[in-house]
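S.K.: To start, I am sharing the structure in question, which I have written as structure tokens.
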Amino acid sequence: MAMAGRIRSSLPVLQRLMPAADSFSSQRSVVQRLVVPAFSASEFSRNYATVSTPKAEKVKLPLALFGGTGNYASALYLSAVKSNVLDKVETELLDLVEASKRSTTFAQFTKDLSVPKDVRVKAINAICDEAKLSGITRNFLVILAENGRLRNIEDITKRFIELTMAHKGEVNVTVTSVIALPPEEEKELKETLQELIGKGKKVKIQQKIDPSILGGLVVEFSQKVFDMSIKTRAKQMERFLRQPVTELI
């Protein structure tokens with residue numbers, strides 16, 4: 001993906017900035033703590049120079065998220081929807097997280113709270129310039145840098161995806177199998193799940209390979225688990241066979 005490539009190519013700018021931060025390694029920066037629910041969506045939006053939505057327009061969250069990461073994700077969602085860039089912000093965050101996993105320098109940078117705030121902000125702005133990220137994403141990352149929350153970017157992104165999926169009416173279904181499902185079987189399973197979940201929802205299947213289940217499928221969605229694996233059925237049979245004969249009569 002072009003966006004992911006630009007983000008990966010931008011990460012080396014940190015190598016030019018990190019030496020400046022090393023001289024401050026003995027001084028632990030004071031991180032502004034996120035107070036819930038004091039961190040409101042309106043407070044978050046005031047930090048966005050690119051947001052110019054009429055005050056009369058109201059955007060509702062598709063689901064309620066709690067905790068620090070939930071608050072950040074919710075505020076970003078509201079700003080992205082108001083600016084009509086939800087899909088773009090989602091793509092940019094996913095690409096950033098994926099690119100950062102391949103850069104130990106970036107991982108160290110986000111987790112090291114001894115890096116001064118001005119250095120964090122300068123580095124984030126440089127990355128956003130190189131990767132040509134949107135204004136909403138840039139300003140959000142700057143806020144994380146200012147508040148010492150860059151270390152939470154992956155968790156915040158996961159919560160943000162929960163909101164975008166709810167917004168689109170998507171249901172994420174994790175299907176675990178021994179080998180990847182052939183396209184025809186995946187299509188059939190998707191149609192079955194669609195009937196089970198109901199109309200108005202879009203089933204989005206994420207395949208997971210796990211040889212330890214021995215065979216069959218494990219289907220997970222909406223905090224429900226349907227374990228149809230050979231491993232589980234074998235354990236159930238084993239428990240059945242170990243019961244005293246008198247209990248089976």
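The values are calculated or read from the model by the stated rules, or taken from the named source; none is laboratory data. The shown structure was predicted, so the numbers you read here are calculated from the model rather than taken from an experiment. Backbone-built Cβ (ideal geometry, glycine too); neighbour counts: all protein chains shown. Side chains are part of the model used for accessible areas, which takes the heavy atoms of the whole protein and leaves out ligands, DNA and RNA. Shrake-Rupley method; radii C 1.70, N 1.55, O 1.52, S 1.80 Å.
S.K.: How far is it, in nm, from the label point at Asp210 to the one at Arg239 when both lie 7 Å from their Cα along the line to the Cβ?
M.R.: 1.7 nm
S.K.: Going Cα to Cα from Lys122, which lysines come in below 29 Å? Please leave out same-chain ones fewer than 8 positions away.
M.R.: Lys82, Lys88, Lys101, Lys111, Lys132, Lys158
S.K.: How many percent of Cα pairs in region 135-178 exceed 17 Å?
M.R.: Values: 470 of 946 pairs.
Summing the P(r) of region 135-178 above 17 Å gives 50 percent of all pairs.
S.K.: Also: Tell me the label-point distance for the pair Val225, Arg151, using the 7 Å Cα-to-Cβ offset, in nm and rounded to one decimal.
M.R.: 3.0 nm
S.K.: While we're on this one: Could you point to the residue in Leu181, Thr192, Gln223 farthest towards the positive end of region 164-236's charge dipole, with +1 and -1 charges on the Cβ of Lys/Arg and Asp/Glu respectively?
M.R.: After comparing all options, I get Gln223.
S.K.: Among 96-103, 165-172, 229-236, how do they line up by average Cβ neighbours within 10 Å per residue, starting with the highest?
M.R.: Answer by packing, highest mean first, reads 96-103, 165-172, 229-236.
S.K.: Please list Phe226, Phe160 from largest to smallest accessible area, probe radius 1.4 Å, with all protein chains kept in place.
M.R.: Descending accessible area places them as Phe226, Phe160.
S.K.: Ok, one more. Ranked highest first by average number of other Cβ atoms within 10 Å, how do 183-193, 145-155 line up?
M.R.: 145-155, 183-193
S.K.: Another question, then. Rank-order 108-118, 203-213, 71-81 by packing density, defined as the average count of other C-beta atoms within 10 Å over each peptide's residues, highest first.
M.R.: Ranked by mean Cβ neighbours within 10 Å, highest first: 71-81, 108-118, 203-213.
S.K.: Here's something else I'd like to know. What FRET efficiency would be calculated for the residue pair Asn84, Leu63, taking the C-beta separation as r and a Förster radius of 25 Å, to the nearest 0.05?
M.R.: With a Förster radius of 25 Å, E is 0.75.
S.K.: At 7 Å along Cα-to-Cβ for each site, give me the label-to-label distance between Glu98 and Asn125 in nm.
M.R.: Simple spin-label model gives 2.9 nm for this pair.
S.K.: Normalise the Debye intensity by I(0) for region 73-152, one equal point scatterer per Cα, no solvent, then take log10 at q = 0.13 Å⁻¹ and round to two decimals.
M.R.: Calculated log10 I(q)/I(0) at the listed q: -0.38.
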